[in-house]
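Colleague: Can you keep this structure in mind? I'll have questions shortly.
The values are calculated or read from the model by the stated rules, or taken from the named source; none is laboratory data. Since this is a predicted model, take the numbers as computed values, not measurements. As a convention, Cβ positions derive from the backbone with ideal geometry for all residues, glycine included, and neighbour counts pool all protein chains shown. Ligands, DNA and RNA are stripped out before the accessible areas are found, and what is left, the full protein with its side chains, is counted by its heavy atoms. Shrake-Rupley method; radii C 1.70, N 1.55, O 1.52, S 1.80 Å.
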Amino acid sequence: MKNQMELIFPSLAENEAFARMVISAFLVGVNPTLSVVSEIRTAVSEAVTNAVVHAYAGTTGRIILRARLTEEHVEIEIEDFGRGIENVEQAMQPFFTTQPDQERTGMGFALMQSFMDEVSVESSPGNGTAVKMIKRLEDAHA
């Protein structure tokens, strides 16, 4: 392991941008390309936005951003302690949304999967959700 970090913040909409900046700063030490940083930032943004919008249903709770760098990849986990997801497989389908009236596209997990090498979701109703993502770095250097 090269480095790791953990950040705990409230599920406020403005903290989505904060999480994007934190992950960018964390990656500086491995000198990734701008496109890799952009892909990771977008995946983190989607995961944090899901937690803000869906996990706490109008209330405020905790979100944890964890990241770990190795020589080969970065591992990222976004965890909340909110409502959880009843059917993870269904939630990960493109265009599936539980809030169509709020103009949600249902593309959050699809975007995460397109930008990261691995995405897994662990969740249970009433116990929160953990989104784990891995991005290989072997060809990601500027």
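Colleague: Would you tally the residues in the range 11-24 being free of Cβ contacts under 8 Å to residues at least 40 places away in the same chain and not acidic (Asp, Glu)?
Modeller: So the count comes out to 6.
Colleague: Within the range 115-135, how many residues turn out to be open to solvent by 60 Å² or more (accessible area, probe 1.4 Å) and touching a Ser or Thr at 6+ places or on another chain (Cβ under 6 Å)?
Modeller: The qualifying residues number 1.
Colleague: Also, I was wondering about something else. Just for the range 50-76: of the residues that are buried (at least 18 other Cβ atoms within 10 Å of the Cβ) and among the β-branched types (Val, Ile, Thr), which one is modelled with the lowest pLDDT?
Modeller: Across the range 50-76, the extreme among qualifying residues is Val53.
Colleague: Restricting the search to the range 39-49, which residues are open to solvent by 10 Å² or more (accessible area, probe 1.4 Å) and either among the hydrophobic types (A, V, I, L, M, F, W, C) or closer than 19 Å to Thr70 by Cα (or both)? It would help to see each step written out before you state the result.
Modeller: The initial filter retains those residues of the range 39-49 that are open to solvent by 10 Å² or more (accessible area, probe 1.4 Å), namely 39, 41-42, 45-46, 49.
Glu39, Arg41 - these are the residues of the range 39-49 that are open to solvent by 10 Å² or more (accessible area, probe 1.4 Å) and either among the hydrophobic types (A, V, I, L, M, F, W, C) or closer than 19 Å to Thr70 by Cα (or both).
Colleague: I need a count of the residues in the range 20-77 that are within 24 Å of Glu122 (Cα to Cα), of a type in the set (A, V, I, L, M) and outside any loop (DSSP other than H, G, I, E, B).
Modeller: Residues in the range 20-77 being within 24 Å of Glu122 (Cα to Cα), of a type in the set (A, V, I, L, M) and outside any loop (DSSP other than H, G, I, E, B): 18 in total.
Colleague: Here's a follow-up. Taking only pairs six or more apart or across chains, which ones have beta-carbon atoms under 7 Å, a first residue in the range 25-54 that is without any contact (Cβ under 8 Å) to a residue 24 or more places away in the chain, and a second residue that is outside any helix (DSSP H, G or I) and buried (at least 22 other Cβ atoms within 10 Å of the Cβ)?
Modeller: none
Colleague: So which residues in the range 2-43 are among the acidic types (Asp, Glu), closer than 21 Å to Ala57 by Cα and within 13 Å of the chain's Cα centre (by Cα), if there are any at all?
Modeller: Glu16
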